[in-house]
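Novice: There's a structure below that I have some questions on.
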Amino acid sequence: MRLNEAVSECVRLKEAIPELEEIDAFVTNVCRGLPMMPGSIFRIAAQYLENWGISITHANRDWVEARGQKSYHDEWKEGTGESNDAIEGAIEKSGLIYGNKDLNSVLADTVVQLLTNMSDTIRGRSRTFAIMDAGAGTGDTTIAILDSMLSSVGTAALASKCHFYILEPSFKRLEEVYKRLEEHPLKPGKTFIASNLEEHLRNTRNETYDMVVSNAVFHHMGFPTHLKLLRESLAKDGVMVVGDWYTSVWQHPAYLVPILRDLGASDITVRRFENFFHIRKGDMEEQERRLTKHQREANTQMFSYVSALADELRGVGSKSQLCFLEAHESLDDRLGKLKAAGFETDMAELKRNYRGFINMKNNPRHLYQKSDIACVVSAAKICR
Ligand SMILES: C[S@@+](CC[C@H](N)C(=O)[O-])C[C@H]1O[C@@H](n2cnc3c(N)ncnc32)[C@H](O)[C@@H]1O
């Protein structure tokens with residue numbers, strides 16, 4: 001979350017909305033004709049926008065957030081399986097041995113462990129759980145949880161104690177989840193919610209959910225608005241289990257230079273981009289020096305992934321609306337945001353104060369030993 005001192009010294013940060021529109025239009029124009037478009041620059045995690053020459057102020061904050069959300073919404077609303085296939089293909093081709101499926105599987109095992117610990121009978125009454133799957137896509141997260149209940153000894157009965165609230169903005173994807181759940185041997189209660197997460201939460205009573213699960217969704221949210229709303233929507237002992245991708249490759253425009261080259265941009269295009277954002281030789285290396293080994297490895301893996309995704313999309317063309325800019329952030333930034341929004345993620349504190357975590361070994365759970373790129377983070381609501 002550091003200001004790029006070089007930029008701040010010599011360039012005035014922009015904050016007026018017409019100026020911000022100009023920056024957004026420039027980035028779109030410079031990428032025209034590439035196999036993959038960036039989407040709005042306001043998709044990037046808000047804490048990094050200063051490095052892009054943008055100041056978030058009281059006056060422009062809502063506009064910036066809405067602009068980013070619209071770009072994500074446009075990307076996903078028409079999405080069929082094509083975008084998912086391209087993502088899965090790119091994960092494989094870039095040599096990432098663990099993908100969304102593995103994130104869902106670690107998330108699911110964590111959820112079953114938590115539910116088992118939390119579901120002891122209280123005064124003769126068996127506890128039930130309202131669980132929201134936020135950004136359910138085609139249902140992989142909820143299905144992974146049900147599969148994990150089936151495959152672990154003695155946990156299948158948990159399903160009858162759970163009511164799943166499957167939230168997803170795309171109708172097509174929701175339909176798919178419906179079909180898949182109809183075919184699943186476990187039959188928990190279920191409600192389908194066709195909505196954007198933030199909108200839904202604004203219309204939800206406080207303390208509605210016992211648990212929120214979400215995989216590969218929060219890196220589409222540039223501001224932490226959803227985290228504060230999620231905390232309010234959770235019961236007093238509510239927990240959240242989030243699988244996600246963590247990199248800092250969009251923290252500074254210098255990172256885009258090798259990506260533009262990889263996407264086939266000409267030298268002139270790359271130079272226009274460098275001039276516009278006042279990128280100097282060594283800027284990217286300077287950012288990288290500030291990172292931990294785990295963060296640097298995550299960025300290297302992300303570069304390979306974007307390159308492979310662009311390859312996948314060369315064949316798909318306009319059928320996919322996938323964009324490359326995302327609200328990826330470092331794991332440390334995410335943990336900081338969770339803390340600021342009123343969530344506990346520290347393992348020792350979780351074990352001490354929340355019964356769901358009594359026998360849990362580690363948090364966050366890293367999928368890759370030497371990289372932060374894919375992690376499952378559990379977070380419990382701090383009651384003030
Ligand atoms: C990469 S997919 C992950 C789907 C699923 N969780 C999984 O693991 O397979 C991301 C999903 O998040 C949804 N999404 C993106 N922004 C969202 C938002 N603001 N509110 C709710 N869902 C959102 C998209 O529609 C998409 O289906």
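The values are calculated or read from the model by the stated rules, or taken from the named source; none is laboratory data. On a predicted model such as this, the values are computed, not experimentally measured, just so you know. Every residue, glycine among them, receives a Cβ derived from its backbone with ideal geometry; neighbour counts consider all protein chains shown.
Novice: How many residues, within region 37-74, are of a type in the set (A, V, I, L, M), more than 14 Å from Ala16 (Cα to Cα) and assigned to a loop (DSSP other than H, G, I, E, B)?
Specialist: 2
Novice: A follow-up question, please. Does any residue of region 271-289 turn out to be out of contact with any helix residue (DSSP H, G or I) (no Cβ under 7 Å at 6 or more places or on another chain) and among the aliphatic types (A, V, I, L, M)?
Specialist: No: zero hits.
Novice: With (1) more than 17 Å from His220 (Cβ to Cβ); (2) at pLDDT below 95; (3) crowded, with 19+ Cβ neighbours inside 10 Å; (4) under 18 Å from the mean Cα position of the chain (by Cα) as the list, and Tyr98 as the residue in question, which single condition is left unmet?
Specialist: Against the list (1) more than 17 Å from His220 (Cβ to Cβ); (2) at pLDDT below 95; (3) crowded, with 19+ Cβ neighbours inside 10 Å; (4) under 18 Å from the mean Cα position of the chain (by Cα), Tyr98 comes up short only on (3).
Novice: Tally up the residues in region 253-268 that are buried (at least 18 other Cβ atoms within 10 Å of the Cβ) and more than 30 Å from the chain's Cα centre (by Cα), please.
Specialist: Initial filter on region 253-268 (buried (at least 18 other Cβ atoms within 10 Å of the Cβ)): 253-257, 259-260, 263, 265.
Now narrow it down to the ones that are more than 30 Å from the chain's Cα centre (by Cα): none.
The number of residues fulfilling the criteria is 0.
Novice: Among Thr208, Thr247, Thr155, which is the only one that is modelled with pLDDT under 95 and among the β-branched types (Val, Ile, Thr)? Write out each step before concluding.
Specialist: On the way: Thr208 fails: modelled with pLDDT under 95; Thr247 fails: modelled with pLDDT under 95.
Residue meeting the stated conditions: Thr155.
So that you can scan it fast, the table gives a plain yes or no per residue for (1) of a type outside the set (S, T, N, Q); (2) assigned by TED's automatic domain parsing to the domain that holds Lys70; (3) over 16 Å from His226 (Cα atoms); (4) touching a residue at least 40 places away in the same chain (Cβ under 8 Å):
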site: His163; (1), (2), (3), (4): yes, no, yes, no
site: Leu174; (1), (2), (3), (4): yes, no, yes, no
site: Glu183; (1), (2), (3), (4): yes, no, yes, no
site: Ser195; (1), (2), (3), (4): no, no, no, no
site: Arg202; (1), (2), (3), (4): yes, no, no, no
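Novice: Note down all Cβ pairs under 9 Å where the first residue falls in region 245-259 and is assigned to a strand (DSSP E or B), the second is surrounded by fewer than 24 Cβ atoms within 10 Å (Cβ to Cβ) and modelled with pLDDT under 95, and they're at least six residues apart or on different chains.
Specialist: Partner pairs satisfying both residue conditions: Trp245/Asn100; Trp245/Tyr305.
Novice: Which one of the conditions (1) within 12 Å of the ligand (Cβ to nearest atom); (2) at pLDDT below 95 does Leu230 fail to meet, given that it meets all the rest?
Specialist: (2)
Novice: Give region 204-227 a look and list any residue that's farther than 17 Å from Phe343 by Cα, within 9 Å of the ligand (Cβ to nearest atom) and either β-branched (Val, Ile, Thr) or not assigned by TED's automatic domain parsing to the domain that holds Leu167 (or both), or say none.
Specialist: Applying the first criterion (farther than 17 Å from Phe343 by Cα) to region 204-227 yields 204-205, 215-217, 219-222.
Keeping just the survivors that are within 9 Å of the ligand (Cβ to nearest atom) gives 215-217, 219-221.
Listed by number, the list holds a single entry, Val217.
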